[in-house]
Structures are given as structure tokens and as C-alpha cells.
Amino acid sequence: MSELYELTAWELAGLLKEKKVGSVEITNAVLKRIEEVEDRVNAYVTVTPDSALEQAREADRRLAAGEAGPLTGIPIAVKDNMCFKGRKTTCGSRILANFVPPYDAAVVELLRKEGMVILGSANMDEFAMGSSTETSHWGPTHNPWNLEATPGGSSGGSAAAVAACEAIVALGSDTGGSIRLPASYCGVTGMKPTYGAVSRYGLVAYASSLDQIGPFGRDAKDLALLLNVICGHDPRDSTSVPREVPDFTTFLDKPVKGMTLGMPKEFFSKLDNPDVERCIGEAKSVMESMGISFVELSLPHLDYGIAAYYIIAPSEASSNLARYDGVKYGHRAEGFTSMIDMYCKTRAEGFGPEVKRRIMLGTYALSSGYYDAYYLKAAKVRSLITQDFRKAFETCDAVFCPTSPTPPFKIGEKIDDPIQMYLTDVFTIPVNMAGLPGIALPGGLSADGLPVGFQLIAPHFEEARLVQLAAAFQRETDHHLKRPPL
Amino acid sequence: MKITSEEVDYVAVLGRLTLEPEEKIKYQSQLDDILKYMEMLSEVDTDDVEPMAGPVELYTPLREDEVKPSLQVDEALANAPEREGSSFKVPKVIE
Amino acid sequence: MEYEPVIGLEVHAQLLTDSKAFCSCTTRFGAEPNANTCPICLGMPGVLPVLNRKALEFTVRMALACNCTINEMSRFARKNYYYPDLPKNYQISQYELPVATGGWVEIETSDGPKRIALTRIHMEEDAGKLIHDDQRPVSYVDLNRTGVPLIEIVSEPEITSPEEAAAYLRALRSMLVYLRICDGNMEEGSFRCDANVSLRPKGSTGLGVKTELKNMNSFRFVQKGLQYEIDRQNTALENGERIVQETRLFNSSTGVTASMRSKEQAHDYRYFPDPDLLPLRVAPELVEQIRGELPELPAEKRERFVRDLGIPGYDAGVLTADRDLAAYFEGTVELFPNPKAVSNWIMTEMMRKLKGEENGIAECPVSPQQLADLLKLIDDGTISGKMAKTVFEEMFATGQGPDVIIKEKGLVQVSDAGELLSIVNEILDKNPGEVSKYLGGKTQLMGFFVGQIMKATKGKANPAMVNQLLAEELKKRG
């Protein structure tokens, strides 16, 4: 018999419904697991056991009263960039180390409404800028499969928490791959929904036109349940799209036979890692055996994704992060001589090197004389990338590709080489540029026993198709059932 | 160099960041590498391409002109590094 | 060389919406600092803006009144600069694609009417307020005003004198107030003006180096500031100096403009499309609906008053400068159809009384009905014009109608010929010496007799009848 913390959300929901177990019992099991492994993994910035148990008791009351939703009583970790009324929300940064929001993010409201048990805030790269969760002010998160490896980033804490069984499910955010990369590196399933599908209200902004909140879980079914909770229109977010949200669980058992997946040659020609090539090849064979066909296609502007992204995202970030100035909230330096000196010292002390680098880069790209050459050019290339995908979806149902060029890399390996770090996201960034939904799911282990994932990308608002494909794949495989030897 | 040391200084002031001399040298060289990488964008023919500001192809929604309660003053100021009465307090701003 | 000034004005007008531009906090003034703030206008991490429909409609109203082209699609952009009264350290504004472009405003000049062309009208959010401590090196930040909707009205550089600038501002202000979208209060900052000023050789068409003038918070200061700046540039150019492009602050106590020696480097606002807001669409149907609801504007009204009512141009201008005053005038004329008499009374007695009143005609205690009643009483001889002034004072002070006041004070004019005749003869009998002097040719003594009669009747005698009767009776004694 597995421990409670090893089960999926839907398995636990079944036990709760059958009254075989209570939410307090589940929550205690997970809190105990956190106590056991957290000092090795560092998946959390904050764990709030008292609050979690109180929510669990309330969940049990709702379950007893028959007022429960499908995920009532299930423990969840929330990335530290989603505002939490009355509890510190730091975005992995010193500049917000003591910030206590006076309001809840839209998704936090939705989790509360569902009666989920929020365990605490998951660690992340500072302001979600990073691909390894090493830039957090609270120290790096370690990959549960190998503590010397990174869990990927920027939602490394959320992915590691689910992989290490320190949470049943989790929420992350994805601006250039920040859900899909850590999902792949930690051997869990993670999805970035379509831009506009989940409210960004209360998500601390990194790059507003690219940021999107999404779920982590142990399998596609958990993702479907969590998508049902968080997707939907929010009038407080002007970029939230008003539309009918399907019940994603109804797509779990739909057949996939006869579907076509596209393989962008711009991606596959770059593969030079044997572990990734093997896992990708095996996943493709499995899906072919399920009656899915594959076509090669060309998305000619994918190669420019990283260059365009690292103009657009830092440009938006340079403006989004201007508000951290030591006036209204957050860190303020001491010993300044003037207003401008206070600003400059506060920000120099409050932000880490990667955040400063991106602020400088974005400021430069928007500055007088450079706007056309950088920001405007990148925004045009973004149009071309989006058009490429639109064209691709004329010949396939979804795009199939790796999530990352390599299995998880070592902590410290790329931290001083920004370009190498940026190239980690070569396969995930174009999805954000076009605002598409993408899912990352486990595809096996490397020779060193580290997880390797792959990615499926669907047209706008076709998250359900990704759930359908992922669920079908996971019926045929057991990669997602493997647990790290912690 | 794609970015001069003066430009690094200029950008640091615009972005309100104090940089130590060694940081300045490091950032200049890293930004230079990154900007060199971005030169590849000049290969792309973007004549007649509309720039894309975001993925949602709708128009901005409008809110009704209805007043809702503001925060309590103490909530608004709860995170203030320094306050005086119900105002945020900052070093003297000279115009 | 002789130079001529070229002036372009940027006017900011606060819109009279109930809630702020991008959040639901109240726009009301006078609250405790930071009492009207929420996570959104405080620029807290994670917050997002949603545009106020009313703010858009008000903007379109003004744009249509100024003959602008409404752009069906426009965009919000971020203007990035650090200032403690700007919590996000960027202002949501519009840059490349404003709501409205082109258009014009007609002003009256000494050479007749002139059209000042507009470049654009765009929407943006206001900043908060800083209060500087006199004793200590600190400032206090109040963000209550942060996020109040503004429109910025940008003129082409077509204004050629401080007087024209003032006329243009008055025209804009009265339009905004007419449209009920701004209270137009310059002192309180709900109507603000920055000016770009340059000089060029007279008769040439190019533009010289300009300076930007700020901090002129009354019509008088705008004129003074512009004149100072024009003179300063003139002297500089005559001395062979170059004009430096810079921002200068007008000091209202010294009347001088001085360069803002800000530590901040050259302004580099790094405008880019605000990714938190989608493109703004103003549907043609909405434009037509708002066009249909536009009131008659001051310029049209003035023309109609002159043309149809025979009011002199200057008076028509004063009457139409304020929508409420014009309505008051028209309301009175409806009840007393002598526009000139109504206009004369409003232009003199009414304006004198309203001078010190904060809220103008809106809070005038005398209703159009009461004023019309008063004018009727003069017209039918019940009271004299002079008495009417006393009655009006009383009406203004008490809010009572003229009938009540006249009755209470016994002010009805004595027009009974028999009664007056006996008083006239009584006075003449009492003053035989003056009568004989008068008859001897000292006709200026007429005034003395009138005075005596008025004294005897406590001013109630009908002056016209007194004059007539006196002349007749004196003649009889000759």
C-alpha cells in the first residue's frame, strides 16, 4: 500500500468521497513528508501547517455536509508569485521578502472556493526569471531525483514538491517554459494553458503578455481536475478571454486514434543529446502504436524565438518591476542621500543578478534610439512565429517536440553563462510567444536516472486535446508512475 | 562592443540600479554577448509584418463606472517601509 | 531681427467620473491621504487595470466637440519614469495610437475668430500628490489622486501670443464644463496646462528650439509665464545666445521661469504598448450616439445669441462662457421676452453679485422666474430702476420674490398723478425763493426740486411723472 502522499489527487478524492480517509489525515501525511525531505529539496519558501490543517478541517466539514467539490481537501502548493492575502508573497526576491498582500490572487480565491488545502508557497526563480530555480533569494531548489541537479525553472519549487510528494498537486506560472521545463526535469505532468485561459489577477508580473498560470500533477487526470478549478473568465484581467470552459475530465477517455502530430524540423534538427533522442523516439513509437500519425513540418521562425523572447520579456519586465522602489512596500535600503539614491540602492540591494540583467536588457531595448531595432523588431518576429503555428495546425492536431535539449543539468552549471541558460528554453519559448497551450509529460529516464520529458502543443484554447492525448499516452506507459529515490 | 560602458551607465540610471564597478564590467560583457546573439533577428524579413503586443485578439473590455470600497488606510500602508500619519514617507523630492 | 512667438499647449483635464480610470476607487477629493486607494492604484504586485467605460465616453464627447477624428482602434501605452507620486513608476497613457486625432477649437481674437488646430486627444491616468516638509528633508506621498482619469489635449504650434493662449484655454475650459466632463478648476489642478514656446524670425515658417513651461495654474499665470518666456528668449536671441531645449518652471510669486535642474537624465520614457490592456475599440455606433447627445456648445450658442436675440458680441460671449449662466439667461428670457433687458441686468447687477461666489450661477438664490418678475415690475412702472436695484439686493440676500420684498418694504412707486401733484405744489410753496430763481433762468434748480420731492416720498415717486409735473407746475407759476 502506497503512502497517502504518494497518491494522485483523483485517487485521494475517491478515498475522501468514500470516507475512507479525511483531509486532515491526508494533510498531516503530506506535512510529515515535508518535514522529512524539505531540508534536502527546498521546494518551499513558506509552509504554513497551522493554516493548512485549518483548511483541511474545513474541507472535512464540507465533505461531511456534502458540499464538496472534486478537489475539496486535496493539498496543493502554490508558486510564491501568486498573492495570498495576509501571508507573505515574495516572488523569490529579497525586495519582497516581507511583503504581505492585502488581497488574494484570482486563482487563490478559486482554490479556496474549491476547498483545496494550500500548504504554502513554492520556491521559484526570482520574479520567475530563470530556468533552474537557482536565482531564488531563498536558495536553490534541488531536483528530487538527484539533489545535485536543478529541478528546472522557474516553477522548480512547485514541480519538485509534486515529485518529492511534498504536495499532491501544485500551481506554477509559465512565461517561457517555467511550468513545462520543471515538469520535465522532475518527472511530473505540467501544463501551460492558453494565454487568457486563467486569470493573471494577483500573479506578480514578470512579462505580462507571456505569463500564464497552470497546473502540475502526477498525471493528466489530476491536471484535468485542476484545470476545471482554475480556468475561466475574470473581469479583473483585461486579457482574460470570455468563453465557455469545457469539463476537461470528459476528454480523459476520448480516443486518439487517427490524430496527427506535427514534428517541427527546426526543433528535431537541433537534437544532439542521446537520452533526449531515445526518450522522444520511444514516446513517438508508443503513440504510433496507438494509431497516431506523425508528419514533419517546418515552422521557419522558431529559430528566432529565443532572441525575440529575450527582448520582449525583459522589456515588459523592466517596466513591470519599476514599482519595486522602496516607497510603498518591500525592501528599502538604508543610508541614502536623496530620492534617486534611495531608488538605486534599494533596487541594487533588493534584486539579484539575473533580475538586474534583464531589467538592464529590457531598459536598453526600449530606450530612445533602440526601440525599433529591438522591441519593435521582436514584436514583428513574434507575429511570424504565431503565423507559423497557425499554419502548422492546418496539417496537424498538435505539435510534438522535446521540452528541453538535455536532461536536468547540475546546479551551478549554467548560472554564470546567461546565454547557455537561456538556450535551455529553446523548445518552450515559442509556445508563449504565440500564446498557445502546451503540456509537458514524463517520457522516461536518462542513463543517469534523471527524468526526460516531452511536449505537446495545441491550438489556442485546445487544452482539452492535450489532456486527451496525455491521458491516452499515460494509459500505455508508466513513466509518470515512477517516484524519485528520496 | 554592441553596448558601450556609457550606455551601461545610462541604462542603469534609467532602471534605477546602482552598479559596483566590477558589476558594470560584467554586465557590459554579458549584455554584449546577448545583443550579439540577437543580431540574428536582422536576418528576418519583417517588412509589412504587424508587430504583436500580445496573443489575445480581442478589444479591451470596459468596466462600469461604479465605486467600490477602497482599502482601509492602515491596510494600504501596512507594507510601507516608512510612513507618517497616513502618508508614505520618502526622502525630500527636489524639483 | 524681429521674432515672433510660436506656442503649442498641452492641456490636462480631469474627467468627472465617479470611479478611477482603471480601478473602482472613488475620485472624490478631500479624503484623508491614501484613503481612496486599493491594490490597483497603489501599484501592488500582481494587479491589473480595467478601463472605465465612462472615461472613454467622456473622452469621445470632448473629441467630437473639438471636431476630432475618433480612431476606431487605439492603444494604451506605458510611459516609464520614476517619481514617488507614480506608484507603478509608469503611467498608463496613449502614444502612437490615441483615441482622437486632428480637430480644432475656435477662439475669438482681436482680429476676429481663429481656429487653433489640435494634434490629438488621448486618455491617461493622473499621478498622486507629494507634500514637501518645510522643516525636514522629507516628502509625503498621497496616492488618492492616482489613477483619476485624464484627457490630454495637444494643440498644434499655432498660437502666436499669450492672449491667444489664454483665449484658447478659456474656450477649452468652457467646452469641458459645458460637456459636464471636467470641473475646469485650474487652481485645484483639475484643468492644467503646459506650454511649448519657441521664437522664429517674423514671417518665417520653421520652428525654433522650444522650451516647455510648467506650473502655470491660472489663466493669468499662463499669460504672465508665456510673456516672460517670450521676452527671455527674445533677449537671449538678440544677444546671440542659443536657446536650450529644456523644461522650465513658472514661479508665480516672482513671475519668472527657471530651468528645472533635475538630476534625472534626459527624459527617455520608453513608451511601449501596455500588455495588460488590449487594443481599445470605439464603435462607430457609440460615436454616433454620443454625437447625438452633445449639447449646443458655447461658440454656437454665442453666435445664436447675437444673431437671433440681438445681444452684443461681448455680452453674448460672457453669457455663454458658462453653460449654467446661459441656461439661466435663456430661462429668464422665456418668461420675460426682452433679451436685451435680461442680458443687461445679468451683465451688470447679477455679475456684480456673483463675483465673489465660488459656485457662480449654480447657487444663485434668485431664480429666473424671480428675475423675470422683477424686470416686469420695472417695465410696468411699479418700481423704478433704482428701486429695483435695492429690491434685487434683497432678493439675492433672502431668496424671496420681488413682490414680497416690495410689499414688506412698502417700495411701490407713487404714480398717482393727483397725489404727486399735491406733493409737487407743496414743495414749490415751501420754496418760493428757489422758484423765483428758477423762473429767473437758473434752470439747474430742477434737480433741487426733484430731490425734495423724492425726499418727501422716501424715493417712491415715479421720477418720470415728477419731472413732467414739476415742469408743468413751474411753468404755471411763471
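Brief remarks on what is shown
- A simple rule links phi to the HN-Hα coupling: the Karplus curve 6.51 cos²θ - 1.76 cosθ + 1.60 with θ = phi - 60°, which for segment A:329-338 gives 6, x, 4, 10, 5, 10, x, 9, 9, 6 Hz, with x for Gly and Pro.
- Amide H within-cut-off set for residue A:409, under 5 Å, with H built and near neighbours excluded: A:150
- Mean sequence separation of contacting Cα pairs (under 8 Å, at least six apart), scaled by the length of chain A, corresponds to a relative contact order of 18 percent.
- At least 18 Å along the helix axis (C-alpha) and Kyte average at least -1.0, DSSP helices within chain A: A:23-41, A:274-289, A:305-320, A:353-366, A:377-392, A:463-476
- Counting Cβ atoms of other protein chains within 10 Å of each residue's Cβ and taking the mean over peptide A:353-366 gives 6.
- For chain C, the 222 nm mean residue ellipticity estimated from helices alone, with every DSSP H stretch of n ≥ 4 adding -39500 (n - 2.57) and the total spread over all residues, rounds to -12000 deg cm²/dmol.
- Electrostatic tally near residue A:73: other residues with Cβ closer than 12 Å to its Cβ, Lys and Arg +1, Asp and Glu -1, net 0.
- In plain terms, the residue of C:180, C:248 with the fewest other Cβ atoms within 10 Å comes first and the most crowded comes last, giving C:180, C:248.
- Working ranking of peptides C:141-147, A:291-297 by packing, defined as the average number of other Cβ atoms within 10 Å per residue, highest first, is C:141-147, A:291-297.
- In chain B, the longest principal axis of the Cα atoms and the axis of helix B:21-38 are about 60 degrees apart.
- Charge dipole (Cα centre; +1 on Lys/Arg Cβ, -1 on Asp/Glu Cβ; no other charges) of segment A:168-317 amounts to roughly 180 debye.
- Beta bridge orientation in segment C:153-284: antiparallel %, DSSP, nearest 5: 70 percent
- With the largest listed first and rounded to whole Å, the semi-axes of the equivalent ellipsoid of segment A:365-420 from the Cα gyration tensor are 27, 27, 5.
- The helix-only estimate of mean residue ellipticity at 222 nm for chain A, built from DSSP H runs of length n ≥ 4 each weighted as -39500 (n - 2.57), is -11500 deg cm²/dmol after division by the residue total.
- Global form of segment B:1-83, assessed from the alpha-carbon gyration tensor, a/c cut-off 1.5: oblate
- Couplings 3J(HN,Hα) of segment A:393-401, computed from phi: 6, 6, 10, 8, 7, 7, 9, 10, 6 Hz, in residue order, whole Hz [Karplus 6.51 cos²θ - 1.76 cosθ + 1.60, θ = phi - 60°; x for Gly and Pro].
- Ranking A:383, A:405, A:395 by Cα position along the charge dipole of segment A:342-466, where only Lys, Arg, Asp and Glu carry charges on their C-beta atoms, puts A:383 farthest toward the positive end.
- Relative contact order of chain C, pairs being alpha-carbon contacts under 8 Å that are 6 or more residues apart, as %: 14 percent
- The residue list B:91, B:53, B:41 was ranked by how far each Cα lies along the charge dipole of chain B toward its positive end, using unit charges on Cβ atoms, and B:91 comes out on top.
- Built amide H within the under 5 Å cut-off of residue C:208, gap 5+: C:199
- About its Cα centre, the protein assembly as shown has a charge dipole of approximately 2120 debye under the convention of +1 per Lys or Arg Cβ and -1 per Asp or Glu Cβ, with nothing else charged.
- The order of B:94, A:76, C:405, going from fewest to most other C-beta atoms within 10 Å of their C-beta, is B:94, C:405, A:76.
- Each residue of segment B:45-60 was assigned a 3J(HN,Hα) from its phi angle through the Karplus expression (A = 6.51, B = -1.76, C = 1.60, θ = phi - 60°), giving 7, 10, 4, 6, 9, 6, x, 10, 8, x, x, 8, 9, 10, 9, 5 Hz with x at Gly and Pro.
- Inter-chain neighbour count for A:369-377: the average number of beta-carbon atoms from partner chains within 10 Å of each residue's beta-carbon is 4.
- Hydrodynamic estimate: the Kirkwood radius of the protein assembly as shown over Cα pairs, inserted into Stokes-Einstein at 4 °C and 1.567 mPa s, corresponds to D of 39 µm²/s.
- Put simply, when C:408-419, A:453-464, A:46-57, C:293-304 are sorted by average Cβ atoms within 10 angstrom per residue, most first, you get A:453-464, A:46-57, C:293-304, C:408-419.
- As a length-normalised measure over Cα pairs under 8 Å and 6 or more apart, the relative contact order of segment C:190-232 settles at 41 percent.
- Sorted peptide list for A:166-175, A:389-398, B:61-70, criterion being average Cβ within 10 angstrom, highest first: A:166-175, A:389-398, B:61-70
- Distant-in-sequence amide H partners of residue C:15 (H built 1.01 Å from N, under 5 Å): C:150, C:151
- Other protein chain C-beta atoms within 10 Å of residue C-beta, averaged over A:341-352: 4.
- For segment C:355-478, the alpha carbon convex hull comes to 116 Å³ per residue, rounded to a whole number.
- Top positive-direction residue, dipole computed over segment A:386-486 with Cβ charges, set A:454, A:473, A:429: A:473
- Helix axis angle, B:5-14 relative to chain B longest principal axis, alpha carbon, degrees: 20 degrees
- C:349, A:148 arranged by Cβ crowding within 10 Å, fewest neighbours leading: A:148, C:349
- Distance from segment C:29-44 to segment A:308-323 (C-alpha centre basis), Å: 27 Å
- For q = 0.12, 0.19, 0.21 Å⁻¹, Debye-computed log10 I/I(0) when each Cα of segment A:1-152 counts as one equal scatterer: -0.53, -1.16, -1.29
No value in this document is a laboratory result; all are computed from the given coordinates. It should be emphasised that the depicted structure is a prediction, and the values quoted were computed from it without experimental measurement. We place every Cβ from the backbone using ideal geometry, glycine too, and count neighbours over all the protein chains shown.
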